[in-house]
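Values quoted throughout were computed directly from the atomic coordinates according to the rules given, and no laboratory measurement underlies them. Keep in mind that this is a model prediction, so the values were computed, not measured.
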Amino acid sequence: MDGVMGVLTALVMMASPAGAGASEGPRPGGNGEGRRYVGLALPLAPGGFALEGEWEWDDGLSATLGLRVGFNLGKWIRVFEDADPAYLRLGIEPGARFYLKGLVLEGLWVGPRLEVAQAWVDTGAQQRVWDVGGAVLAGYSLRLDEGFTVQAALGLGALYRPALPGSSPWTVTVAPRAQLSLGWSL
């Protein structure tokens, strides 16, 4: 848990301005000290949320980092039942975004992301497993007044899970990804 708190602290520190003029836009030379974004990303399907950070690396390129917490609502609300045996998932999602139109944090983008999560699965006995996968997303970032930013993304991802007792030797799940993120850019 200390590692998760450390990453959260680093994400918030990364997004805070370093002094006067820190939010004036990218600095020449592409040294990774441009504008930053911190927000809350909600998938457009039940199952958790993520704290996301994005920072401008160069003209048209940004790096992202998401810390995701997922849970199976089917345990408590029958409408959301699904076949996933994991009732809790904690993960990290690093990625990159290539802005095709507009500026970083203000335009159309496409980019890959890695998805790594530890899941707690109930198979009669509690078991921890690692899920590893990735996704390709396309989205749009819209920066409004006072730095309030809205980001929407759609894409496709694949997730590998090792063998669980009573199931196939391993599984790969391919599924759509969709999320809406609200936050502030500095």
- Message: Expected output is a single nm value to one decimal: the length gained when fully extending between Ala163 and Trp130, i.e. 0.36 nm times separation in residues minus the C-alpha distance. What is it?
- Response: 10.8 nm
- Query: In Å, what is the Rg of the alpha-carbon atoms in the range 111-165, and how long is Dmax?
  - Reply: 16.8, 52
